[in-house]
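The structure appears right after this line, and notes come after that.
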Ligand SMILES: [Fe+2]
Ligand SMILES: [Fe+2]
């Protein structure tokens with residue numbers, strides 16, 4: 001997990017998260033912070049274990065911790081954040097080989113799409129949605145999620 005830890009310990013990564021946390025300081029809906037990435041990574045990894053999906057843990061964690069990194073661009077200039085996240089993530093993946101990079105970037109680009117996804121993209125999208133605890137959310141009455149999408153039970 002050295003390559004993953006190098007990313008999240010980097011000044012560049014920390015700075016992006018600081019900027020994002022500032023941009024979301026008054027947001028009442030789901031945040032895109034370190035905790036969210038952690039929740040997504042763990043749900044992805046549990047899913048991989050339960051379904052015997054042979055994707056290395058480091059690829060899973062790296063994907064989860066980079067998937068929303070472009071969110072600030074969405075606030076600034078309406079760039080869809082999966083697009084911005086792919087561009088910014090490229091700067092963090094120098095230690096990964098080409099195949100690994102493609103797999104991670106593809107999953108990030110797919111995480112909000114409704115169409116066909118790669119196995120890693122599917123896992124990311126699932127974990128991203130399931131990580132949100134609507135059951136315990138104070139902003140539920142004005143949230144744009146449909147009632148049938150909301151997570152009203154803890155995932156087991
Ligand atoms: Fe996202
Ligand atoms: Fe997310």
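Quick look at the numbers
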{"item": "Inter-residue pairs, beta-carbon under 6 Å, first surrounded by fewer than 18 Cβ atoms within 10 Å (Cβ to Cβ) and in the range 77-96, second not in a loop (DSSP other than H, G, I, E, B), 6+ apart", "result": "79/73; 95/3"}
{"item": "Odd one out for residue 55 among (1) within 15 Å of ligand 1 (Cβ to nearest atom); (2) surrounded by fewer than 20 Cβ atoms within 10 Å (Cβ to Cβ)", "result": "(1)"}
{"item": "Residue ID - modelled with the lowest pLDDT, chosen from residues in the range 108-140 that are in a helix (DSSP H, G or I), within 13 Å of ligand 2 (Cβ to nearest atom) and farther than 17 Å from residue 61 by Cβ", "result": "129"}
{"item": "Options 31, 20, 105, 49; residue that is surrounded by fewer than 15 Cβ atoms within 10 Å (Cβ to Cβ) and either assigned to a helix (DSSP H, G or I) or within 15 Å of ligand 1 (Cβ to nearest atom) (or both)", "result": "49"}
{"item": "Where residue 74 falls short, out of the listed (1) farther than 28 Å from residue 144 by Cβ; (2) without any contact (Cβ under 8 Å) to a residue 40 or more places away in the chain; (3) surrounded by 14 or more Cβ atoms within 10 Å (Cβ to Cβ)", "result": "(1)"}
{"item": "Residue match in the range 141-154 (condition: in contact with a helix residue (DSSP H, G or I) (Cβ under 7 Å, 6 or more places away or on another chain) and assigned to a helix (DSSP H, G or I))", "result": "no"}
{"item": "Residue in the range 21-39 that is closer than 19 Å to residue 104 by Cα and away from ligand 2 (no atom under 13 Å from the Cβ) present", "result": "no"}
{"item": "Unmet criterion (only one of (1) buried (at least 16 other Cβ atoms within 10 Å of the Cβ); (2) more than 18 Å from the chain's Cα centre (by Cα)) for residue 154", "result": "(1)"}
{"item": "Single condition residue 88 does not satisfy, out of (1) in contact with a helix residue (DSSP H, G or I) (Cβ under 6 Å, 6 or more places away or on another chain); (2) within 19 Å of residue 33 (Cβ to Cβ)", "result": "(1)"}
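The values are calculated or read from the model by the stated rules, or taken from the named source; none is laboratory data. All of these numbers come straight from a predicted model, not from anything done at the bench. So basically every Cβ, Gly included, is an ideal-geometry build from the backbone, and we count neighbours across all protein chains shown.
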